[in-house]
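Where a number appears in this text, it was derived from the coordinates with a stated rule and is not lab data. This one's a predicted model, so the numbers in the text were calculated from it and none came from an experiment. We place every Cβ from the backbone using ideal geometry, glycine too, and count neighbours over all the protein chains shown.
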Amino acid sequence: MVATPRTATTPRTARGRATRDRILQAATELVSEQGVAATSLDDVRELARVSKSQLYLYFPEREALLREVAGSTCDTVIDTQADVLSGFDSVVGIERYLDAIVELQIEQEHPTGCPIATLAGQLADHDEQARLILADGLGRWEDGLRRGLQAMAARSELRPGTDPALLATQTLAILQGGLLLAKVRRDATQMRIAADAVLALIRAALR
């Protein structure tokens, strides 16, 4: 899936890039803590310690900043699980990956669910470009799962007729459901239940 441009201005100098990064970091932090609706540009400006002119230079409208927050959030989610996701090509690697996803929810005071899905609930219905950016993030996640399952299929470890792409979509759907339940119920065991369901699904596809 091809990422959608985020419509923000790219700085030409190192100082400009540092300022822009500080603005984006502040916006991402505020949105994560208090949500999109409660985050104003003034809040971002104060936390980032920048002037209005600096803010509008790099982000001419609030939507442009929120799109960058969406893209940055997707990057963080994918980067955080990159190491364990790379091992999603064997039963042992899949178990390790699922354990890591569950542990991430257990480590938090209250399970926070999936940051991409959380943003999607706030942005997808109001900004088509933001929706596409978030869809691309989930697509990159799904691609990582699919590549691992395709590797297993290539080694004839999956039953004939198994569709790795479909299995990857099913896996992501189950994980997202577990993350949502863990967040709403504030119960990380919901994520464990989802992880076990994924493992059972994949084991059923083994030769």
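Structure data summary
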{"read-out": "Relative contact order (%) - the stretch 52-130, alpha-carbon pairs under 8 angstrom, separation at least six", "value": "35 percent"}
{"read-out": "Descending semi-axes in whole angstrom, ellipsoid equivalent of the stretch 104-181, from the Cα gyration tensor", "value": "28, 17, 9"}
{"read-out": "Summed residue charge, Cβ within 14 Å of A195's Cβ, Lys/Arg positive, Asp/Glu negative", "value": "-2"}
{"read-out": "Whole-Å semi-axes of the ellipsoid equivalent to the stretch 14-65 (Cα gyration tensor, √5λ, descending)", "value": "17, 11, 9"}
{"read-out": "Separation of the I106 and E29 label points, Cα + 7 Å toward Cβ, nm", "value": "3.0 nm"}
{"read-out": "Sorted by Cβ density within 10 Å, fewest first, the residues R155, R147, R131", "value": "R155, R147, R131"}
{"read-out": "Loop GluC sites (Glu not before Pro), the stretch 35-128 (other Cβ atoms within 10 Å of the site Cβ: 10 or fewer; DSSP)", "value": "E107, E109"}
{"read-out": "Likely footprinting exposure, R67, R17, fewest C-beta neighbours within 10 Å first", "value": "R17, R67"}
{"read-out": "Per-q log10 I(q)/I(0), the chain, q = 0.10, 0.11 Å⁻¹ (Debye; single scatterer per alpha-carbon; no solvent)", "value": "-0.49, -0.58"}
